[in-house]
Structure formats: C-alpha cells, structure tokens
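To start, the structure itself, in structure tokens.
No lab work stands behind these numbers, since they all come straight from the coordinates. All of these numbers come straight from a predicted model, not from anything done at the bench. Cβ: placed from backbone, ideal geometry, glycine included. Neighbour counts: every protein chain shown.
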C-alpha cells in the first residue's frame, strides 16, 4: 500500500503540474494553428508565383539539421576502413584536390577501395575532423562532415540507425530515432560491379553514392532505394499524415539527369521550379538547370557573376529552382534517388541542345543526395506545437482494510 500511495502522490503532483500548464499549452497550440490557417489562406493567393508551393501546405515534419546525431550501421556488403578511404582520396582522380586539403567526393576513384585489406569489421568514420580538421569537403564548405563507408554490389544494402536527434519533430512531437535502409537498385546501369556509399552521421545530409572508377561512362546510371521509418520518444513508428519531404538539388545537364522515382506519396510542384514529374519520375522535365541560357536554364547552379547564380546551395534564396516536395503518409515510406545519362530517359531528338556539347557523352556514375524536411519553397509555415492532451486525474489507491479480532466465546 505504501508503494502504491507513493506512486499516487507522484502521479498527483505531475497531474497538478500538467493541469496548471494545460491552458497555456492549449492556447499556444491554438494560436499557432490559427496563424498557420491564415498563412495558408495568404499562400493560396500566391501559389502560382515563383517559389511557392502550388498546393499550399504547412510543414509538419521539422527535420532540417542534426549535426550531433549518432549513426550505427549494419550491411550485407562490406564496411570500409577509414584509412582505406583516406588512401583512396590521396590517389588517382581525387589526388589534386586532396593535395589542396579538399575531399572532393565526386572525384573519388572507387577502384581504390576494392583491396582485400580495405575491409573493416564494423563502421569507421571518416571526414574533415581529427587529423583532417580544417580541411573542406564538397558537402559543406564550412562545416564538419563525417561519414561511414560501405562497399556494396547491386541489390545489397546498408541499414542506418540515427539517434541522439535534437532538432527534429513531427507535429510538434519529438523524433527520437530514424532508420533508413539504403539499397543499390539492381537496375542501375553503371559499368562496374561495386558502389561506394558514404553515409553521413547527420541524416539530413543524406548519402554520397558512387560507382565512378576514374572513367566517365555513356548510357550509365546509379540509383539508391531509400526505405525509412521515423520513431517517437516511446519508440513507436510515427504515422505521417501528409508530411512534406524535400527533394532538392536535382541537377540536369546536357548529358545527365538527377531524379527521384518509385516513391510513396504525392509530388508537389514549386511554381517556377525546373523540377516537375513525368512518367512517375521527378526531375527537370522540360529544361536544363545547369547554366543560365543553356537548354532553357534560367539560372546557373554554381556561383558566378550572373544574377541569381548559385541556386544549388541550400541557403540560396532561389534554391527552390532545383527542388520539389513529396507529401507522405503512413509509417513506412520509400523513394529511389539517383543520376542517369539523359539517353536513358529520352531520345536525343527530345533533348535541349547546347552549342558545342554532345548529349550522348559520358558522365560519372555518382550522386550526392539528401532527403529532409527543408522544403525549399518560400514562406512555408511550420508546425512546432504539439496538440496537448487534457490531463487525467490519477485514482487514489484503496485504503487497506484490517479484520478486527472478535473476543473468543467461552466454551459451553
């Protein structure tokens, strides 16, 4: 009884605290919902203007940056030693940048990762930290990027579990864990047998996938299937209801197309963006978006002296130009992301022409992509307040009853 009473008193104290806080929490939630409703009504008037979602929506998935996340990996492929990854960067096509203290991931020749002694028994992290502190990576010019490396064949996968999440919420409720399964699409057309996956410790930074062996390839492609589930603090899978996932930085050059396909959910276009949907594929459907004036491109993806250039950085005001969104529901979702020769998608006669460039020329079979909640459209309101549940008063334990002793009747 004493233990039950102590528990009741603790529950009662919590109930009284929750009861006192409930009105202010409810008001904060209702105020935010009213502000979101007003914002969506305003966005409805601007949905056909540059940078706006064509279907105005609030972002219930706050999932933009997790620099302190912890990563654990399992794989049916092979783990790679950090020393082997470092050695590969110092050679071949990535050596020039390495000598300048730059880790240029898309230059890495992965044939230098296929030696027997490159294999590790478990995940080892590599990046611009430790002995490489102060170096730069092509993933982040200023920040630290760390990744675990695996070597996979077609059809093989790595499963990543991300914990210690500090900034991610769904409908105002904390996300405690994310599990991603990354599988090399067996239909990828790269010429070799192996794929290097660099899986970043920050899940919002995504993955670098490469089958590049130092030579560009014609009619090539590399695709990674991403299957993912988010979990709340109680360890339960989170059931999304039209959460927005950003698909961004989808580049298209004269000979190369980055795209998303085979996904759960519904594509939402951003007005003015080069990214659309065609035959179930999300990519720059009508124009190139690499260099202003070439193949219909409105702006240049990299920074130069042109106005609006450098759209392909996450903080560019027009980063929406290479982005779209997917509305997802349910607890298990998927999307396949990759890069392909343009010749695998359409005939040369359908392609935009660029003077002096051959639409059939080879490309590197690699891609860096990230899937997160950082919707590139403008003025998207965020849900940050969880709907509070009215507290329920605990029931006090029953008082114990003791039998009273009756006097013994004298024997007759």
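Please report, in whole Å, how far the alpha carbons of region 99-210 spread along each principal axis, starting with the longest.
Principal axes ranked by extent give 45, 36, 27 Å for the Cα atoms.
With N denoting the number of residues in region 61-372, provide Rg(C-alpha) divided by 2.2 N^0.38 Å, to two decimal places.
Normalised by 2.2 N^0.38 Å, the Cα Rg of region 61-372 equals 0.96.
Hey, with R₀ at 45 Å, roughly what FRET efficiency would residue 315 and residue 399 work out to, going by the Cβ-Cβ distance, to 0.05?
In this case the efficiency is close to 0.10.
Hey, what does the equivalent ellipsoid look like for region 62-125, semi-axes from the Cα gyration tensor as sqrt of 5 times each eigenvalue, largest first, whole Å?
23, 19, 9
Multiply the residue separation of residue 306 and residue 350 by 0.36 nm, subtract the distance between their alpha-carbon atoms, and state the gained length in nm to one decimal.
13.0 nm
Classify region 290-358: rounded, prolate or oblate, from the alpha-carbon gyration tensor (a ≥ b ≥ c, eigenvalue square roots; a/c under 1.5 rounded; otherwise prolate if a/b is larger than b/c)?
It comes out oblate by the Cα gyration axes.
Please state, rounded to one decimal and in Å, the Kirkwood hydrodynamic radius that region 220-263 gives when every pair of distinct Cα atoms enters the mean of 1/r.
On the way: mean 1/r = 0.0734 Å⁻¹.
Averaging 1/r across every pair of different Cα atoms and inverting gives 13.6 Å.
Nearest 0.05, what FRET efficiency do residue 278 and residue 64 give at R0 = 25 Å with Cβ-Cβ as r?
Values: r = 29 Å, r/R0 = 1.14.
Efficiency at R0 = 25 Å is approximately 0.30.
Using a 10 angstrom cutoff on alpha carbons, build the Gaussian network for the chain and name the most mobile of 280, 362, 310.
Checking each option, the largest mean-square fluctuation is seen for 280.
Take the Cβ-Cβ distance between residue 360 and residue 3 as r, set R0 to 60 Å, and report the resulting FRET efficiency rounded to the nearest 0.05.
Numbers: r = 77 Å, r/R0 = 1.29.
The pair residue 360/residue 3 has a calculated efficiency of 0.20.
Label point 7 Å out from residue 164 along Cα-to-Cβ: which residues of region 58-85 have amide N under 19 Å?
64-74, 82
So what is Rg over Rh here for region 1-46, counting just Cα atoms and using Kirkwood for Rh?
1.45
Neighbour counts of other C-beta atoms within 10 Å: give me 196, 299 arranged from fewest to most. Before the final figure, lay out the partial values.
Values: 196 26, 299 21.
Arranged by neighbour count, lowest to highest, 196, 299 become 299, 196.
Ranking request for peptides 374-380, 175-181: highest mean number of other beta-carbon atoms within 10 Å first, then the rest in descending order.
Values: 374-380: 21.4, 175-181: 19.3.
Top of the packing list down: 374-380, 175-181.
Starting from the eigenvalues of the Cα gyration tensor, five times each then square-rooted, give me the equivalent ellipsoid semi-axes of region 1-101, largest first, whole Å.
Details: eigenvalues 465, 237, 28 Å².
Over the Cα atoms of region 1-101, the ellipsoid semi-axes are 48, 34, 12 Å.
Please report the relative contact order for the chain, taking Cα pairs under 8 Å with a sequence separation of at least 6, and give it as a percent rounded to a whole number.
22 percent
Can you tell me the 0 to 90 degree angle between the C-alpha axis of helix 2-45 and the longest principal axis of the chain, rounded to 10?
40 degrees
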